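Okay, structure first, notes after.
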Amino acid sequence: FFLWMNVGEVTVGNAPRAYMLFTSKELPELAPRDALQWLGLGLDALRPRIETEAAGIDRETVLLEFFKYAEKRGLYRRSYGSLQRAARTAGDDGAGRERYSARIELPAGIPVGAYDVDLYVFEDGSLLERASDTVTVAKTGFPLLVSRFAREHPGEYGLLAIIVAVIAGSHNTRSAS
C-alpha cells in the first residue's frame with residue numbers, strides 16, 4: 001500500500017485563545033463595517049492582527065483553516081441573534097435601557113487563564129456604551145486533582161494511565177465478544 005502524507009509547519013500568532021461573539025442582531029445591522037473593524041468585532045476584524053507563517057500556503061488559506069479548527073474545538077464561536085431581551089423584574093420601573101441576556105457555555109477544552117469580556121451597546125449604528133471585565137477559567141475538583149498529580153508525579157501518573165488503558169481495553173474486548 002502507498003502512504004501519502006503532507007508534512008509541513010504552519011505558525012499562527014497573535015490570535016485570541018478563544019473568541020466568542022454573541023449579538024442581538026447580525027453584525028451589519030449593529031454598526032458600520034469600519035466601526036466593527038476598529039472595535040475588533042467579527043472574524044473579519046481579527047484577520048489583520050493574526051500573524052501567519054507557512055511555506056507554500058497563502059495567508060487566506062491558513063486563516064480559513066485556523067478559524068475552522070478553532071470553531072470545531074468550540075474556541076471560536078459566533079452567535080448572531082442569541083442575545084435575548086431579558087424579562088422585566090419586580091421593582092423595575094421600565095426606565096433606562098433594555099436588558100439582554102445570553103447563556104454562554106464554555107467548551108470543555110478551553111485553556112485555563114484569564115479572558116477579557118467586552119460588552120458593546122449600539123443604537124442606530126453608533127456605539128453608545130462599552131464595558132469590560134475579566135473572567136478567569138480554572139480547573140477545579142477532579143480535573144484539578146488529576147492535573148496536579150500528573151505535574152507533581154509524572155512517573156506514577158504515566159504508570160497509572162497505562163494500567164487504566166489496559167483495564168479499559170480488556171473490558172472493551174470482553175464486551176465485544
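The values are calculated or read from the model by the stated rules, or taken from the named source; none is laboratory data. All of these numbers come straight from a predicted model, not from anything done at the bench. Please note that ligands, DNA and RNA were not included when accessible areas were found on the heavy atoms of the full protein model with its side chains. Shrake-Rupley method; radii C 1.70, N 1.55, O 1.52, S 1.80 Å.
Between 0 and 90 degrees, the angle of helix 141-152 with respect to the longest Cα principal axis of the chain falls at about 50 degrees. Helical runs (DSSP H, four residues minimum) scored at -39500 (n - 2.57) apiece and divided by the length of the chain put the mean residue ellipticity at 222 nm at -11000 deg cm²/dmol. Once all protein chains are placed together, residue 136 keeps about 100 Å² accessible to a 1.4 angstrom probe. Report, to the nearest 10°, how far helix 154-176 tilts away from the longest principal axis of the Cα atoms in the chain, using its own Cα long axis and a range of 0 to 90°. Its long axis makes an angle of about 80 degrees.
Divide the volume of the convex hull of the Cα atoms of the chain by its number of residues and quote the answer in cubic angstrom per residue. List each step's numbers first, then the result.
Details: hull volume 44.1 nm³, N = 177.
Looking at the chain, the number lands at 249 Å³ per residue.
Between 105, 51, 26, the residue with the greatest mean-square fluctuation in the GNM of the chain (Cα pairs under 10 Å linked by springs) is 105.
Top to bottom by accessible area (1.4 Å), largest first, where do 82, 132 land? Kindly include the intermediate steps, with their values, before the conclusion.
Numbers: 82 30, 132 80 Å².
Accessible-area ranking of 82, 132, largest first: 132, 82.
Using alpha carbons only, how many degrees (0 to 90, rounded to 10) separate the axis of helix 59-72 from the longest principal axis of the chain? The helix 59-72 is inclined about 80 degrees to the chain.
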